[in-house]
Amino acid sequence: MNRLLTIIVAGLVSSLFILPLQAEDAIITSVGDLYMDKAALNGKQVQLRGEVVKINNQIMQRNFVHLQDGTGNPSDGSNYITITTQDTANVGDKVTVTGTLILDHDFGAGYIYPLLVEKASITTP
């Protein structure tokens with residue numbers, strides 16, 4: 001019985017070290033909600049669906065993809081998010097994007113992003 005208890009406890013303790021290594025589940029959200037919940041989502045994995053409205057490839061060794069999903073407010077710019085990725089897409093593509101939300105990212109030379117989804121992967125449905 002003592003040996004069985006030791007095996008069970010060892011299994012439970014080892015699982016504590018394995019679980020944090022698993023990928024964090026992305027929070028599914030909208031562009032408008034990113035702006036509303038930006039403080040709580042900062043540094044977290046997020047997932048968005050939307051339409052590519054602009055793309056700039058190979059700037060600073062990454063692609064800048066600009067996405068809209070019909071949410072947010074055009075008058076304050078909360079209807080639009082920029083994503084950095086190694087993936088590419090075409091203007092008009094409907095995509096799903098998963099990456100890390102970063103606040104106030106300054107690339108230098110005047111390129112400051114109050115909200116940015118970094119190191120994202122892009123998939124098409």
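The values are calculated or read from the model by the stated rules, or taken from the named source; none is laboratory data. Since this is a predicted model, take the numbers as computed values, not measurements. Backbone-built Cβ (ideal geometry, glycine too); neighbour counts: all protein chains shown.
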Next item on the list: Could you please give the count of residues in the range 54-84 that are touching a Leu at 6+ places or on another chain (Cβ under 7 Å) and either assigned to a strand (DSSP E or B) or under 14 Å from residue 115 (Cα atoms) (or both)?
Entry: 5
Notebook entry, point to check: Any idea which of (1) surrounded by 14 or more Cβ atoms within 10 Å (Cβ to Cβ); (2) at pLDDT 95 or above is the one residue 105 doesn't satisfy?
Noted result: (2)
Next item on the list: Inspect all residues belonging to the range 79-102 and state whether any of them is touching a Ser or Thr at 6+ places or on another chain (Cβ under 9 Å) and either farther than 25 Å from residue 25 by Cβ or without any contact (Cβ under 8 Å) to a residue 12 or more places away in the chain (or both).
Entry: yes
Next item on the list: Report, by residue number, each residue of the range 85-125 that is part of a strand (DSSP E or B) and touching a His at 6+ places or on another chain (Cβ under 9 Å).
Entry: 112, 113, 114, 115, 116, 118
Check: When the range 14-52 is examined, which residues are found to be of a type in the set (Gly, Ala, Ser), in a loop (DSSP other than H, G, I, E, B) and at pLDDT 95 or above?
Finding: 30, 43
Check: Looking at (1) surrounded by 12 or more Cβ atoms within 10 Å (Cβ to Cβ); (2) in contact with a Gly (Cβ under 8 Å, 6 or more places away or on another chain); (3) modelled with pLDDT of 95 or more; (4) under 16 Å from residue 32 (Cβ atoms), which is the only condition residue 82 fails?
Finding: (2)
